[in-house]
Amino acid sequence: MNPIQPNKLMLSKWTAVQVVAKQKHFLVSKVYLPELQEGQVVINAQVEFVELEAVYTKAKRKIAWRELADTTMWKQGWV
């Protein structure tokens, strides 16, 4: 599998290896960057979390984006 690039996570497709709440296919619907303190400027902010949206039910869940690299839990694309 190709390494996951955090800047290309938005709208990427994922398949859960084990069914999650009766759902198997997910889409990254939101990318969470670290919260900045007032007046703080960050040029290349690192992604912390992503929001996965189930394709069928539109249910959403927030996970650490690096969990997507675990091939025992997630496969890239809709398999």
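Each value in this text was obtained by applying a stated rule to the coordinates, not by laboratory testing. Here the structure is a predicted model, which means the values were calculated and not measured. Because the Cβ atoms are built from the backbone with ideal geometry, glycine has one as well, and the counts that use them run over all protein chains shown.
7 Å from Cα along Cα→Cβ at both LYS30 and ASP70: what's the point-to-point distance in nm?
Each label point is offset 7 Å from its Cα along the Cβ direction, giving 2.2 nm.
What is the extension gain from TRP78 to GLU48, computed as 0.36 nm multiplied by their sequence separation minus the C-alpha to C-alpha distance, in nm to one decimal?
8.5 nm
Starting from the Cα-Cα distance between THR15 and ILE63, subtract it from 0.36 nm times their residue separation and give me the gain in nm to one decimal.
Answer, rounded to one decimal: 15.9 nm.
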